[in-house]
Amino acid sequence: MLESPAETPRRESAPAAAWRLLRRHRTRICDAAMLIAILVAPISGLMTIGDVQIGINMGLYMILAVGLNVVVGYAGLLDLGYIAFYAIGSYTYALLASPQFDIHLPLLAVMPIAALVAGLFGMAFGAPTLRLRGDYLAIVTLGFGEIVQIVANNATGLTNGPQGIYDIDPASILGIQLDDVTGYYYLIVAVGIVVVWSISRLSRSSVGRAWEAIREDEEAARAAGIDTTRMKLLAFMIGAMVAGLVGPIFAAQQAFVSPVSFSLDQSILVLAMVILGGMGNIRGVLLGAAILTLVPELLRSTAAARFVVVGAVMTLVMILRPGGLLPRRGPAPLAEIDRPALGSAVPAAQPFVPE
Amino acid sequence: MKHFLTLLFNGLTLGAIYALIALSFTMVYGVLKLINFAYAGLFTLGAYSAIWGLGVVGVTSSSTLALTATIGLLVLALLGAMAFTGTIGTLVERVAYRPLRHAPLLAPLISALGVVLILQNGVLLVAGSTPKFFPLDVSGGGLVIAGARLSALQITVVPLALGLMVVLYALVHRTHFGLGIRATADDIRTARLMGIRTDRTIGLVFFLGSALGGAAGVMYALYYGTATYLMGYTPSIKAFTAAVIGGIGNIPGAVLGGFLLGLMESFAAGYSGSLTGGAIGPNYQDVFAFLILIAILTVKPTGLLGARISR
Amino acid sequence: MRVKRWMSVVLGVAAVTGLTACGPKSDDSASTDTITLGWGGPLTGESAEFGQSWLNGIKLGLDDHRLTGALKDSKVKLIALDDAGDPQQGVTIARRHISDGADAVFANMNSGVTLATEPVYHRAGLPQLTESSNPTITDRGYDNVFQLTADDNLQGGAMADFAAGDLGLKRIVMFNDSDSFGQGVTETFGKAAEERGVEVLGNTALDVSSKDYTAALSDVLGKNPDGIYFGGNVTVGGLLCRQARAAGFTGPFLGPDQLYQATFVKACGKNVGRAYVTFQSPPYDSSPELQRFADAYEARFHEAPGPYSVYGYNQAGFLLTAMEEVGTTDPAKVVDALHGLTFESLFGPQRADEKGLLIGAPLFIYAVRDGDYELVTRAGDDA
């Protein structure tokens, strides 16, 4: 009997239908599962206080990675001084909620202030320098990061210099003081969800598309009518504001800030998280942050060897997956080495050649 | 006058060392468009390998040697260290960068960072955290000009560094091999089409650059007397800055940038106290250096001498 | 495409598992079979050699101490975790030690890190023996903190006395390494020196990332001082001494206990000139115990002990003796014991006062002579 398969479609069994549904929404299901795991873990009894602290560290780095991703991954600006904005945010809280000047504002009030201050610094710094391309911008942002750290270390009257500011007020949400780690953990999760959601929406908006255009080919974007300088500045400021927003949480949780926490190493670490995880992909950078927090922590007892392992992981991952662990979707940026470096001052000699 | 001359001599010596590393950066960048952060590790390896090598032949800090013997040993140690770091550098290129030639742009950067971590912490694991001392000492003697001392050390380091730079320049601009380098830097596809063995050229460029980085490390350890596992970190950042100031990819630019940066730092540290009545001291010297850098780049965004290795 | 998706799931699950699985779970610390001690300090980073030196001293001290009484069959387990001189890592280590059931901790070395970890250990009630010398650490009212090391106030004051009195110096310039120890100790030296009529010509903060201080020296030496006081660690101090001599300065070079180690003499080079340092220990050859310590340290770690090594050795003995006294590792009892104990350290009898400061810790002034240290005189307080 000749039956055309098209005429009699097989009836789908229930399990098959369920599996198909699962696969279709796999990303959302993964996200939901991760979210539930993150929310439940601290109170599940599986995590010790030490583990929750590690979770806090990881959460803060994740948010920083999402912020830097806007600058590096979306707008394509190489920023080697990102941690300066984290410093600005942290010190803002340290100055407004500690014995230093005897001002005691609550955390939730300071967070938007800190974000704003960081954003203003971002604007002040970005406006004259974002015209620079590629490696030049990298050096200049590095310089900015160093300047902030040096000033924090030496403006003793304001920041108390290397001794740092201690006895910073703990966070107090709606009158309940967050004395322990679990409270801060959930605060960071909440802030993180808000940040990730906002940035995600932003990346899908016209602003996000403008950034993508600039990243792919700045000349063409400008020709298409996009105000590239303004858009780059916007990305830079948004990145700064994200770091400035969570700086206060860091300061409140540690109850202490000193310039030592905001070194070039830290800026480079966050950059590594972004690139390792997958520039331009939020899930990717979250994963990158997780890995670069967990691996050194798990190996901490080996002291120096843990950094050798981290270095090996970084090099290996890059060699095996050059786009990062979870590369950004869509066409990969140009990769030939005869194309000028990321936004270099010398324009491309040949026309756009898609990979 | 004495103060000024002291700062001048000091700045020139510092500048010479920065210029050497800046050259390494700029050469590799010119050819591969890669910021080779791994230099921090190669710099350190240069110093440690020289100290180790000298120790193997029995020279330690307690040895007393005649000046000629010292200079002779220094040159030998330098060559040995350069050969060693050159080789390691070539290996690094093959393992960590070549697979990424066609990769998205920032991937080699992170690969380089991974290499630095491995190299630096590898040194820490093997050699420990206690500083090692450079066994040769040319600190005695020297000249006194208008009250300012120009030590034998400075007289040694600066010509050595300049000599290496001249050799490099000659190599790149006067030899056939150098022509291959410049062609590869200009347009790798065409160079390959023209029959230039670009992979080998790149490998050799890395060898040269890494050897220079190692040499800079040896001179740094000689000048300051000690070597620690993190010693390469700050000089690399400064040298990268210098290369960018001069125009990255540009050999004379790197040299100019290196000397400029060394002089800027020296004068900033030396005069900041008196100029501001002690309010801003030498601890701010990096701030000055970077502010000047930002100023230069704002006025000349491609660096002082422009950007291409072939020009 | 499918591979990528599943990989992200797998990696995500791995991440969460890592979160929940990392770090061993709480031990039953009430048992006296194992004394669990945590250590937090720098084993990587700029302070790596000092952290290592401190840790080595502690290890030697723990191994040398034979437990008696109720604890005589207990084993001592030391969990050493690297904080890289970073306050955040210090706090993470603190919480891990607490979760791992540590009975007491040696933490931390860098003042900034200790300032961050103190509240954490205090809330857990663990005895915290720190190597940080900053006076603020014992000023916060934490009764579980013990600063069994020479504190900045003592060192600065003692050297100021010596400089003004014995050396007859009239114009001193100060340098520090822009770190809290360095700044603290130079401040106290400066104040004490001025009280004795010495003119202090300024306190220059050096940029530690640069190894070159010639420019700063040239500026400062133009004021013709007759002495230099340096506060900070030996890496910077050695270089400064060397460069000061190269610049032609012939006056005395003074510094704190950080400079009492071979690294300083070597770093300063052949032309050390007159250099004096304060140090809390009598000379290593002045008593058989000290000599034995120095020899044992050299044999085991293949280098001469640093200043923090001998402090660490004493701290280990101090802690274990306190535990023996109360026959338990119960933190509250041990804290009390630590406050009341008079311990026979390598330096003689020592006690901790109610703030946790060390009493019975005389300071000594040493001169550098022929590549080694020679005792000049004794300074500081007696208990």
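Take the conditions (1) of a type in the set (A, V, I, L, M); (2) without any contact (Cβ under 8 Å) to a residue 24 or more places away in the chain; (3) at positive phi; residue A:299 misses just one of them, which is (3).
Evaluating residue A:291 against the criteria (1) without any contact (Cβ under 8 Å) to a residue 40 or more places away in the chain; (2) crowded, with 20+ Cβ neighbours inside 10 Å; (3) within 12 Å of chain B (Cβ to nearest Cβ) leaves one unmet condition, (3). Checked against (1) within 14 Å of chain B (Cβ to nearest Cβ); (2) more than 25 Å from residue C:367 (Cα to Cα), residue C:335 passes all but a single condition, namely (1). Only one of the numbered conditions (1) at pLDDT 50 or above; (2) hydrophobic (A, V, I, L, M, F, W, C); (3) not in a helix (DSSP H, G or I) is not met by residue C:54, and that is (3). Residue count for segment B:1-30 satisfying the condition of being hydrophobic (A, V, I, L, M, F, W, C) and crowded, with 24+ Cβ neighbours inside 10 Å: 11.
In this structure, is residue C:368 at pLDDT 90 or above, of a type in the set (Val, Ile, Thr) and under 22 Å from the mean Cα position of the chain (by Cα)? Yes; evaluated as a whole, the condition is true for this residue. Residue C:365 meets the conditions (1) touching a Pro at 6+ places or on another chain (Cβ under 8 Å); (2) assigned to a strand (DSSP E or B) in every case but one. The failed one is (1).
Scanning segment A:57-110 for residues being more than 12 Å from the chain's Cα centre (by Cα) and either of a type in the set (Gly, Ala, Ser) or over 18 Å from residue A:246 (Cβ atoms) (or both) gives a total of 20.
Here segment B:52-73 is the region considered, the condition is being in contact with a helix residue (DSSP H, G or I) (Cβ under 7 Å, 6 or more places away or on another chain) and in a helix (DSSP H, G or I), and the residue that is nearest to residue C:372 (Cα to Cα) is B:54.
Scanning segment C:120-176 for residues that are of a type in the set (Lys, Arg) and either without any contact (Cβ under 8 Å) to a residue 24 or more places away in the chain or surrounded by 24 or more Cβ atoms within 10 Å (Cβ to Cβ) (or both) gives C:123, C:140.
Quick check, is residue A:76 on the phi > 0 side of the Ramachandran plot and within 11 Å of chain C (Cβ to nearest Cβ)? Here the answer is no, as residue A:76 does not meet what is asked. In segment A:195-286, counting only helices (runs of 4 or more DSSP H) that sit wholly within it, the ones holding 3 or more residues that are of a type in the set (A, V, I, L, M, F, W, C) and more than 19 Å from the chain's Cα centre (by Cα) span A:206-216, A:218-223.
Could you grab me the full set of residues in segment C:177-209 that are at pLDDT 90 or above, touching a strand residue (DSSP E or B) at 6+ places or on another chain (Cβ under 8 Å), away from chain B (no Cβ under 14 Å) and buried (at least 20 other Cβ atoms within 10 Å of the Cβ)? Across segment C:177-209, the qualifying residues are C:185, C:189, C:193, C:198.
Residues in segment A:102-130 that are surrounded by fewer than 16 Cβ atoms within 10 Å (Cβ to Cβ) and within 14 Å of another protein chain (Cβ to nearest Cβ) were compared, and the one that is nearest to residue A:160 (Cα to Cα) is A:124. Of the residues making up segment C:87-102, those that are surrounded by fewer than 24 Cβ atoms within 10 Å (Cβ to Cβ) and either in a loop (DSSP other than H, G, I, E, B) or out of contact with any helix residue (DSSP H, G or I) (no Cβ under 9 Å at 6 or more places or on another chain) (or both) number 2. Can you pull out the residues in segment C:241-278 that are in a helix (DSSP H, G or I), hydrophobic (A, V, I, L, M, F, W, C) and away from every other protein chain (no Cβ under 11 Å)? The answer is C:244, C:259. Evaluating residue B:103 against the criteria (1) part of a loop (DSSP other than H, G, I, E, B); (2) within 14 Å of chain A (Cβ to nearest Cβ); (3) out of contact with any Gly (no Cβ under 9 Å at 6 or more places or on another chain) leaves one unmet condition, (3).
Residues checked against (1) more than 10 Å from chain B (Cβ to nearest Cβ); (2) surrounded by fewer than 24 Cβ atoms within 10 Å (Cβ to Cβ):
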| position | (1), (2) |
| --- | --- |
| A:136 | no, no |
| A:139 | no, no |
| A:142 | no, no |
| A:147 | no, yes |
| A:157 | yes, yes |
| A:163 | yes, yes |
| A:166 | yes, no |
| A:172 | yes, yes |
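In the set C:286, C:281, only one residue is in a loop (DSSP other than H, G, I, E, B), surrounded by fewer than 16 Cβ atoms within 10 Å (Cβ to Cβ) and in contact (Cβ under 8 Å) with a residue 60 or more places away in the chain; that residue is C:286. Screening residue B:21 with (1) under 14 Å from residue B:223 (Cβ atoms); (2) at the interface with another protein chain (Cβ under 9 Å from one of its Cβ atoms); (3) β-branched (Val, Ile, Thr) gives one miss only, at (2). Candidates are the residues of segment C:188-243 that are in contact (Cβ under 8 Å) with a residue 40 or more places away in the chain and charged (D, E, K, R); the one that is farthest from residue A:149 (Cα to Cα) is C:226.
The values are calculated or read from the model by the stated rules, or taken from the named source; none is laboratory data. Keep in mind it's a predicted model, so treat the numbers as computed, not measured. Neighbour counts are summed over all protein chains in view; Cβ atoms, including those assigned to glycine, are modelled from backbone coordinates with ideal geometry.
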